[in-house]
């Protein structure tokens, strides 16, 4: 079961095709500048496009950019899933 | 002379714009306080000559990677008169961050919104006037790839350079993010449909990797199928030239001088030069793959496996880049911030089968294997090259620990223009010829001297100096199936792999087809494969060693990066050769 909206949801828990808003980025300050420069910042809208095989990275779209990020890092990014009806349906 | 610096994030098309503005005249140069070489070129702007410097692509002006340090040092110490800030217009939502950082520093600048062609395809609307008036700097929307909108950039540059002696206006404080939202409108449904469709195939959970490997195999088949006839044609031209022109012309010279000129320099250089078409072809394919955005897909596919080896997807891409030449791949590790990850990646890159080694393998596979077997033999060497890089990472990952998060951009698939491909091929030939003039001539001359002296010895025999070196190293190389005659080629291969084939031509006193036939006659396939394995694995060349030293700034690491491959080369060749002997009999 997917968590209810009041619980803490991370980027890694999103379903493929699901869209969410980033609420918090809990990554060492040393790297936050680079993440922000790639589009991973609080308030941004993110869509999960695909998950890699063998525990591979996640493919995301944020604005005009597509990114790959590892699950370990995705688990440290808190998101707020948007209403499922507003996102594109996915099998 | 006025100094103009080009600056932007990775994948913003900065290098394409640099090439577009300067043509093929760029050269690398050193700058005080900066440890790496930067590309720069003279550029006529209006009636003023200016120097245009291409700074490395960076994400964050306050970041701490080697590249980011280079840019900040350059801005602080070289005081460029003008910055050209290149931003990908389709990704302004995040790239504007760099613009804000630069504005805060108070530099005079021209903003280039690149990839206008993609913005048009996506249906984006850009309010240039609005951006320009609120930012208080010239803003140009253009496509560096296709060359649209460049004239406006030239006008802006001319104006800014003319004013650059006056005081810099204090930047108006603007909320750049809000400004972008006001001035750029993107349709909700905007997406790269072609990229999405291709990704469904190339990033397929189970088919992705086999498709990727299949495409690589196809590329090597193509290089071989197209390159071999070209190389043979070149070899034929060189022998024709020798027999018809040089031999009659030089017949009056003393035998030693004649032999030195024809069997030494001409045979050696001619054999190496006949591989130029193959190299061009190879770089043509590598260039298309690199510019198309396919490499980041390879990184995505491989990251799961790479993370278990202590590396990440970027490391895999560097190893692939090393297939062209190890040196730029080693320099490419500057984007990696974590020192552990960077050193571990640098330790694996020299295993990638570079184009110089490819020459040796194409030559041997063509001489000893059937046309049907040859591409497969070649592909096996590429696989071994990747496997050894992985093995090395696995063994050393405990020593070089990585703490850097893996976040990688996946740009849309792009198809390079013919002009981009031609320019690139030309740059590679120039690089090859420069190396040739530096190393290969000296190497070939030395090999000739070693194989022809002392004067009373039969050339190429055990009594020559080369024979003595071969004899001396025989206890080490005999068990791996390498003949004393071939030893000298390996010794010089340490300097540069381009010399190996030239050295063989000198050792056997033959070139082209005759050389191939002679080698096929003298070596068994197992000996040849063992020789190729050794050549693949041991120290690639002096340039690589020098680059590792410069980039790692550690002598101990450099020594490790020489000793480890040497050891591995011997063990693997030994294992292969002895197994082959056991199974097939001597």
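Computed quantities for the displayed model
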{"item": "Residues (within 14 Å of chain A (Cβ to nearest Cβ) and either modelled with pLDDT of 90 or more or part of a strand (DSSP E or B) (or both)) located in the stretch B:42-58", "result": "B:58"}
{"item": "Candidates B:330, B:261, filtered to the one that is free of Cβ contacts under 8 Å to residues at least 60 places away in the same chain and either more than 14 Å from chain A (Cβ to nearest Cβ) or within 21 Å of the chain's Cα centre (by Cα) (or both)", "result": "B:261"}
{"item": "Test: residue B:286 is crowded, with 20+ Cβ neighbours inside 10 Å and closer than 30 Å to residue B:407 by Cβ", "result": "yes"}
{"item": "Top-ranked residue in the stretch B:463-522 [being at positive phi and crowded, with 21+ Cβ neighbours inside 10 Å; ranked as modelled with the lowest pLDDT]", "result": "B:512"}
{"item": "Single condition residue B:349 does not satisfy, out of (1) within 14 Å of chain A (Cβ to nearest Cβ); (2) crowded, with 24+ Cβ neighbours inside 10 Å; (3) assigned to a helix (DSSP H, G or I)", "result": "(1)"}
{"item": "Output for the stretch B:191-210, where each listed residue is in a helix (DSSP H, G or I), in contact with a helix residue (DSSP H, G or I) (Cβ under 8 Å, 6 or more places away or on another chain) and surrounded by 15 or more Cβ atoms within 10 Å (Cβ to Cβ)", "result": "B:199, B:202, B:208, B:209"}
{"item": "Answer from A:30, A:73, A:80 - the residue that is farther than 23 Å from residue B:197 by Cβ and either assigned to a loop (DSSP other than H, G, I, E, B) or more than 8 Å from chain B (Cβ to nearest Cβ) (or both)", "result": "A:80"}
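The values are calculated or read from the model by the stated rules, or taken from the named source; none is laboratory data. None of these values were measured; they are calculated from a predicted model. We place every Cβ from the backbone using ideal geometry, glycine too, and count neighbours over all the protein chains shown.
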